[in-house]
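Shown next, in structure tokens, is the structure this report addresses.
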Amino acid sequence: MALANCLASGKGKKTAVLELENENCFRWLADEKKAIRRNDAFRYQKIDFYFGTGRRNPAAMFNMDYDALIFDLGKNVSEYREMFLTSDRKLVLCVLQKWKRKEAEIMLERFQNPVWGYLTPDFYTISSSDDERKKFERRSGVTVKQLPWIPDPFHLTVNLLPVLSDILGNGPY
């Protein structure tokens, strides 16, 4: 959400976030922010959110007039492999606490498979301890960058904008 906010509010880009799995997180967010829903979407702070887009054709979103599309792939990243591989930036936000680390390891194994082209996306984590992060790095051989805690991704502080801009790089978005 913070990256979407950085793109929409900070860089003035028309941005959409697509929840590909039907996990109802975006429905909860719409209710929490008291946003007006239109079918399976809502708009909040210059960002369009679409929930459960995996059950229809998410590739059709590429034809809409957005400068940036951010995909929330959920756990079933394999189902959206082609979309992920054609993305300008491949960012993975992983939770490395003991109770979620296995999911990150499975995802990494999948990326390092020939079918995925031995892909190594940029890995980031929030709220993982340095010990957890370093242990994962040693075992996996990838670098995981620690992001600062972002208390509210819709109200970014001045010190977060350079961090988020560095993550986004100088791409077409």
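List of remarks:
- Within the range 59-80, residues that are in contact (Cβ under 8 Å) with a residue 40 or more places away in the chain and aliphatic (A, V, I, L, M) reach partners that are part of a helix (DSSP H, G or I) and surrounded by fewer than 17 Cβ atoms within 10 Å (Cβ to Cβ) with beta carbons closer than 9 Å, at six or more positions or on different chains, in the pairs LEU69/PHE62; LEU73/GLU79.
- Just one residue in the set ASN39, ASN24, ASN63 is modelled with pLDDT under 85, out of contact with any Phe, Trp or Tyr (no Cβ under 8 Å at 6 or more places or on another chain) and at positive phi; that residue is ASN39.
- Once the range 127-173 is narrowed to residues that are surrounded by fewer than 12 Cβ atoms within 10 Å (Cβ to Cβ) and among the acidic types (Asp, Glu), the residue that is nearest to THR86 (Cα to Cα) is ASP166.
- Unique residue being outside the structural domain of GLN45 (by TED's automatic domain parsing), within 20 Å of CYS6 (Cα to Cα) and out of contact with any Phe, Trp or Tyr (no Cβ under 6 Å at 6 or more places or on another chain) when the list is PRO153, PRO114: PRO153
- The single condition among (1) part of a loop (DSSP other than H, G, I, E, B); (2) over 27 Å from GLU32 (Cα atoms) that LEU156 does not meet is (2).
- Taken over the range 94-123, the criterion of being touching a residue at least 40 places away in the same chain (Cβ under 8 Å) and either within 16 Å of TYR80 (Cβ to Cβ) or surrounded by fewer than 17 Cβ atoms within 10 Å (Cβ to Cβ) (or both) is satisfied by ASP122 alone.
- Only one of LEU69, LEU96, LEU108 that is under 25 Å from ASP166 (Cα atoms), assigned to a helix (DSSP H, G or I) and modelled with pLDDT of 80 or more: LEU108
- Residue pairs meeting the criteria (Cβ under 9 Å; at least 6 apart or on separate chains; first under 13 Å from ILE70 (Cβ atoms), in the range 39-52; second assigned to a loop (DSSP other than H, G, I, E, B) and among the aromatic types (Phe, Trp, Tyr)): ILE47/PHE154; ASP48/TYR66
- Condition met for PHE62 (aromatic (Phe, Trp, Tyr), surrounded by 13 or more Cβ atoms within 10 Å (Cβ to Cβ) and not in a loop (DSSP other than H, G, I, E, B)): no
The values are calculated or read from the model by the stated rules, or taken from the named source; none is laboratory data. Everything numeric here is computed off the predicted structure, so don't read it as measured data. Methodologically, a virtual Cβ is constructed for each residue, glycine included, from the backbone with ideal geometry; neighbour enumeration extends over all protein chains shown.
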